[in-house]
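Q: For reference, the structure I am asking about is given below.
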Amino acid sequence: MEKVIDEKVQGTALVKEAKEGNSKRLFIESYGCQMNFSDSEIVASILANEGYNTTNQLEDADLVLVNTCSIREKAEQTVRKRLEKYNAVKQQNPKMKVGVLGCMAERLKEKFLEEEKIVDLVVGPDAYKDLPNLINEVEEGRNAVNVILSKEETYGDISPVRLQSNGVSAFVSITRGCDNMCTFCVVPFTRGRERSRDPQSILQEVNELWEKGFKEITLLGQNVDSYLWYGGGLKKDFAKASKMAQATAVNFAQLLDMVAEAQPKMRIRFSTSNPQDMTMDVIETMAKHHNICNYIHLPVQSGSDRILKKMNRLHTREEYFEMIDNIKKLIPDCGISHDMIAGFPTETEEDHQDTLSLMEYVKYDFGFMFAYSERPGTMAGRKFEDDVPEKVKKRRLTEIIELQQKHALYRTQQQVGKTVEVLIEKSSKRSDAHWAGRNSQNTMVIFPKENYKVGDYVMVKVEDCTSATLFGEAVDYSPMNA
Ligand code: SF4
């Protein structure tokens, strides 16, 4: 694979990998969570061995793939709009083939072909290795579908092709699927049962990324805290495993320790955590290693015990506070973000006030906040009437967002006057004379470029801030840069 400049965005070159001799062009775009963006890099790798290099020119593509999200109705509408766009382009390029990947493909299955005539192939998140066969079927004039969910597949043997990468940060997936069955969530139905990837293949990918000059990785999973490797197989079958397998199993804290030790100059992040599965040894491991970032994305979804129960979130608001207290005790400056849903079925004003008071207790750095969107096939979609009026949902969501912005500013103001370690990722959006990069807490920091370059770790004295960004002056290189 050779590295080529894909395009320049805000003065910063985005690199992609291309295979010499490949003549077919793949246009692939992704929607939704980081897992989807990481999966698209696996798909690009599988198809690179079939003669495809990626292009970001839709008009030039022989094959167009869209990696879809199904988490909210709006996400699916976005995909349908893109398919209309492809349809217009296909008028000029009739040979172009179109495929849908990801969670919406898994949710709709064959129905996608009936609903969207432009679609030639439908492939679920666990069937990407079957793409070469499915494309052959399409080239022979048949539509093709594979939406079988797997008990083993982790794509651990596939070396992802980095797409639109800044050459500094990369995703490394460590688990697939989820067993948690939160009543509002489609993921367990679209991504199947939880299984973990072999730690040796994770370490190999991390070492390869270091060799390629990457400086930061994010370990990815729908629920990283329940990572558990015991030789392959589903998390839920661990109890049936042999004594030896149980004794030599690797859990998330141990994996974090292994990766941090293997590449001490590589920054490590992880996402997404789950309060009901997070354990103290993860926080202790974070505190032990300077290169594991002081940042946790810890979705809570609601502050009301009654609603948490209805969501099948297996923790109370008190247990969540205890987790937050433990984190702040061991890592006082830890950045914390959340996911929150406004207007879940039967949510009262009192439940909403519980959400606001929980946010007041934690004072998150930032959050992803949405109004409840009923999803077909989920327990809530089947059993609970979506009874909170849209107007009330919107008003509650606005209150949550406004409170979050107040807390975000409170958190960034706490960093003014401090010197923070920043990994340079790109030029600032607003000024080509300034670098942009994130500190350990995952907050964006902007400072004058001087002689520093992309990929450098720099100590920056913070002088000012907004609720989302810190502004400062470089002081010196960080010891991590050596
Ligand atoms: S933990 Fe819950 S919300 Fe998260 S992916 Fe699993 S089922 Fe969905």
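The values are calculated or read from the model by the stated rules, or taken from the named source; none is laboratory data. Since we're looking at a predicted model, the values are computed, not measured. Cβ atoms come from the backbone with ideal geometry, glycine included; neighbour counts cover every protein chain shown. Accessible surface areas use protein heavy atoms only, side chains included; no ligands, DNA or RNA. Shrake-Rupley method; radii C 1.70, N 1.55, O 1.52, S 1.80 Å.
Q: Before we move on, is GLN34 at pLDDT below 95 and under 28 Å from THR154 (Cα atoms)?
A: In short, yes.
Q: Just one of VAL168, VAL161 is open to solvent by less than 20 Å² (accessible area, probe 1.4 Å) and over 30 Å from ARG72 (Cβ atoms); which is it?
A: Exactly one of VAL168, VAL161 is open to solvent by less than 20 Å² (accessible area, probe 1.4 Å) and over 30 Å from ARG72 (Cβ atoms), namely VAL168.
Q: When you go through GLU318, GLU347 one by one, which is the residue that is out of contact with any Pro (no Cβ under 6 Å at 6 or more places or on another chain) and surrounded by fewer than 20 Cβ atoms within 10 Å (Cβ to Cβ)?
A: Residue meeting the stated conditions: GLU318.
Q: Which one is farthest from the ligand (Cβ to nearest atom) among residues in region 231-264 that are without any contact (Cβ under 8 Å) to a residue 24 or more places away in the chain and in contact with a Phe, Trp or Tyr (Cβ under 8 Å, 6 or more places away or on another chain)?
A: Per the criteria, the residue is THR248.
Q: Something else about it: In region 321-344, what residues are open to solvent by less than 20 Å² (accessible area, probe 1.4 Å) and part of a helix (DSSP H, G or I)?
A: PHE321, ILE324, ILE327
Q: Now for a different question. Among residues belonging to region 286-302 that are crowded, with 21+ Cβ neighbours inside 10 Å and more than 16 Å from the ligand (Cβ to nearest atom), point out the one that is nearest to the chain's Cα centre (by Cα).
A: TYR295
A quick yes/no check of all residues on (1) open to solvent by 20 Å² or more (accessible area, probe 1.4 Å); (2) assigned to a helix (DSSP H, G or I); (3) out of contact with any Ser or Thr (no Cβ under 6 Å at 6 or more places or on another chain):
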| residue | (1), (2), (3) |
| --- | --- |
| ASP179 | yes, no, yes |
| ASP225 | no, yes, no |
| VAL259 | no, yes, yes |
| SER273 | no, no, yes |
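Here is a yes/no grid of residues against (1) of a type outside the set (Asp, Glu); (2) farther than 28 Å from ILE341 by Cα; (3) over 20 Å from the mean Cα position of the chain (by Cα):
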{"residue": "THR55", "(1), (2), (3)": "yes, yes, yes"}
{"residue": "ARG80", "(1), (2), (3)": "yes, no, yes"}
{"residue": "LEU83", "(1), (2), (3)": "yes, yes, yes"}
{"residue": "GLN92", "(1), (2), (3)": "yes, yes, yes"}
{"residue": "VAL119", "(1), (2), (3)": "yes, yes, yes"}
{"residue": "GLY124", "(1), (2), (3)": "yes, no, no"}
{"residue": "PRO132", "(1), (2), (3)": "yes, yes, yes"}
{"residue": "GLU139", "(1), (2), (3)": "no, yes, yes"}
{"residue": "SER150", "(1), (2), (3)": "yes, yes, yes"}
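So that you can scan it fast, the table gives a plain yes or no per residue for (1) open to solvent by 40 Å² or more (accessible area, probe 1.4 Å); (2) more than 30 Å from GLN301 (Cβ to Cβ); (3) of a type outside the set (Gly, Ala, Ser); (4) not in a helix (DSSP H, G or I):
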{"site": "PRO132", "(1), (2), (3), (4)": "no, yes, yes, no"}
{"site": "GLU137", "(1), (2), (3), (4)": "yes, yes, yes, no"}
{"site": "GLY141", "(1), (2), (3), (4)": "yes, yes, no, yes"}
{"site": "PHE184", "(1), (2), (3), (4)": "no, no, yes, yes"}
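Q: Out of all the residues in region 375-391, is one or more open to solvent by 20 Å² or more (accessible area, probe 1.4 Å) and closer than 29 Å to PHE471 by Cβ?
A: Within region 375-391, none of the residues are open to solvent by 20 Å² or more (accessible area, probe 1.4 Å) and closer than 29 Å to PHE471 by Cβ.
Q: Let me confirm something: among GLU347, GLU319, which residue is within 16 Å of the ligand (Cβ to nearest atom) and charged (D, E, K, R)? Please lay out each step first, then the result.
A: Working: GLU347 fails: within 16 Å of the ligand (Cβ to nearest atom).
Checking each option against the conditions leaves just GLU319.
Q: Residue check: is ARG191 in contact (Cβ under 8 Å) with a residue 40 or more places away in the chain, open to solvent by less than 60 Å² (accessible area, probe 1.4 Å) and more than 30 Å from VAL458 (Cβ to Cβ)?
A: Considered against the rule, which asks whether it is in contact (Cβ under 8 Å) with a residue 40 or more places away in the chain, open to solvent by less than 60 Å² (accessible area, probe 1.4 Å) and more than 30 Å from VAL458 (Cβ to Cβ), ARG191 comes out as yes.
Q: A further question on this structure: What pairs come out if I take residues in region 339-357 that are of a type in the set (Phe, Trp, Tyr) and modelled with pLDDT of 95 or more and pair them with residues that are open to solvent by 50 Å² or more (accessible area, probe 1.4 Å) and within 16 Å of the ligand (Cβ to nearest atom) whose C-beta lies under 8 Å away, six or more apart or interchain?
A: PHE344/LYS310
Q: Let me ask something else. Here is a check on your reading of the model: is ILE307 within 16 Å of the ligand (Cβ to nearest atom), assigned to a helix (DSSP H, G or I) and either more than 17 Å from GLN222 (Cα to Cα) or not polar (S, T, N, Q) (or both)?
A: yes
Q: Could I ask something else about it? Scan region 101-113 and tell me whether some residue there is assigned to a strand (DSSP E or B) and under 27 Å from PHE270 (Cα atoms). So that I can check it myself, show each step before the final result.
A: Initially, region 101-113 is screened for residues assigned to a strand (DSSP E or B), giving 101.
Filter again for under 27 Å from PHE270 (Cα atoms), leaving 101.
The answer is yes, given that some residue of region 101-113 is assigned to a strand (DSSP E or B) and under 27 Å from PHE270 (Cα atoms).
Yes or no, residue by residue, for (1) touching a Cys at 6+ places or on another chain (Cβ under 8 Å); (2) outside the structural domain of ILE42 (by TED's automatic domain parsing):
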residue: VAL123; (1), (2): no, no
residue: ILE135; (1), (2): no, no
residue: ILE158; (1), (2): no, yes
residue: THR175; (1), (2): no, yes
residue: VAL187; (1), (2): yes, yes
residue: SER196; (1), (2): no, yes
residue: GLN200; (1), (2): no, yes
residue: VAL206; (1), (2): no, yes
residue: GLY213; (1), (2): no, yes
